[in-house]
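The values are calculated or read from the model by the stated rules, or taken from the named source; none is laboratory data. Please read these numbers as outputs of a predicted model, since none were measured by experiment. Because the Cβ atoms are built from the backbone with ideal geometry, glycine has one as well, and the counts that use them run over all protein chains shown. Heads up: the accessible areas ignore ligands, DNA and RNA and are worked out on the full protein's heavy atoms, side chains in. Shrake-Rupley method; radii C 1.70, N 1.55, O 1.52, S 1.80 Å.
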Amino acid sequence: MSPPIFTALPDWSGSTAVVIGGGPSLDLKQVRKIGLSRLEQKCRVVAVNDAVFVSWWADWLHGCDAKWWMWHRNTAQRFPGIKTTLGETVPAPWVSGRLVNSGPDGFDPTPGNVRTGSNGVYQVMHELIKAGVSRIILTGVDMSAPVKGDTHWHGSHEGRPHVDYAQKMIPAFATLKPALQEYGVDVVNCSPGTALNAFRRGDLETELP
């Protein structure tokens, strides 16, 4: 059975939300800082894919692909917070609900709909706008592959040796900016060395309470 459409967004009006991605710039110092702030109720946290395994205290796990849920079917479904996906074949009991793909970019205010941006971080930002946050802090959002080493801090995704950051993912973020401005959401990218220039850059130690 396909998961129900996810429309029960949390009311995070005026909150700061930290998004933890998979970029290789993420380190334990950042994770510790985010964890302490979350446990002190100073921010909300959304983990994208494998980021949940270093931030089990997060509020929300977003795993876009059904394939990812199958890889981690014995662990991810046990996460106690909100769990979302775009995968129609993910078993309904595993997640809180699924988001409906309504297009590649831009913003869709319809409850349950999401523009994909070809990546999970974009999808999370899209939904955080609807949840009413006033600030989004990005970590592990490098949007580039290192010259040497893995494309993600947890190792490269199985079956995905190449990720098209430059042509597919990065350009999509600019199409989200009008909605961010309309809803009054400030975005700062605290991923060292990031190739994503759509938002201002910052240092996590300074930006996170």
Check your understanding: Which one of the conditions (1) open to solvent by less than 40 Å² (accessible area, probe 1.4 Å); (2) not in a loop (DSSP other than H, G, I, E, B); (3) not β-branched (Val, Ile, Thr) does GLY22 fail to meet, given that it meets all the rest?
Key -> (2)
Review point. With respect to the numbered conditions (1) without any contact (Cβ under 8 Å) to a residue 24 or more places away in the chain; (2) within 18 Å of TYR122 (Cα to Cα), which one is the sole condition not fulfilled by MET70?
Key: (2)
Exercise for review: Look through segment 152-205, keep the residues that are farther than 15 Å from ILE20 by Cα, polar (S, T, N, Q) and at pLDDT 95 or above, and return whichever of them is least open to solvent (accessible area, probe 1.4 Å).
Suggested key: THR175
Check your understanding: What number of residues within segment 166-181 are in contact with a helix residue (DSSP H, G or I) (Cβ under 9 Å, 6 or more places away or on another chain) and not in a loop (DSSP other than H, G, I, E, B)?
Key -> 5
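Criterion first (open to solvent by less than 10 Å² (accessible area, probe 1.4 Å) and either within 25 Å of GLY14 (Cβ to Cβ) or without any contact (Cβ under 8 Å) to a residue 40 or more places away in the chain (or both)) does LEU36 satisfy it? Spell out the reasoning first.
Working: open to solvent by less than 10 Å² (accessible area, probe 1.4 Å): no; either within 25 Å of GLY14 (Cβ to Cβ) or without any contact (Cβ under 8 Å) to a residue 40 or more places away in the chain (or both): yes.
It is false that LEU36 is open to solvent by less than 10 Å² (accessible area, probe 1.4 Å) and either within 25 Å of GLY14 (Cβ to Cβ) or without any contact (Cβ under 8 Å) to a residue 40 or more places away in the chain (or both).
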Practice item. Filter segment 102-133 down to residues that are touching a strand residue (DSSP E or B) at 6+ places or on another chain (Cβ under 7 Å) and polar (S, T, N, Q) and give me whichever is nearest to LEU208 (Cα to Cα). Key: GLN123
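Hey, could you check segment 108-142 for residues that are open to solvent by 40 Å² or more (accessible area, probe 1.4 Å) and in a loop (DSSP other than H, G, I, E, B) and say which is modelled with the lowest pLDDT? Give the steps one after another, and end with the answer.
Step one: filter segment 108-142 for residues open to solvent by 40 Å² or more (accessible area, probe 1.4 Å), giving 109-111, 115, 118, 130, 134-135.
Filter once more, keeping what is in a loop (DSSP other than H, G, I, E, B): 109-111, 115, 118, 134.
Details: PRO109: 98, THR110: 98, PRO111: 97, ARG115: 98, SER118: 90, SER134: 98.
My answer is SER118.
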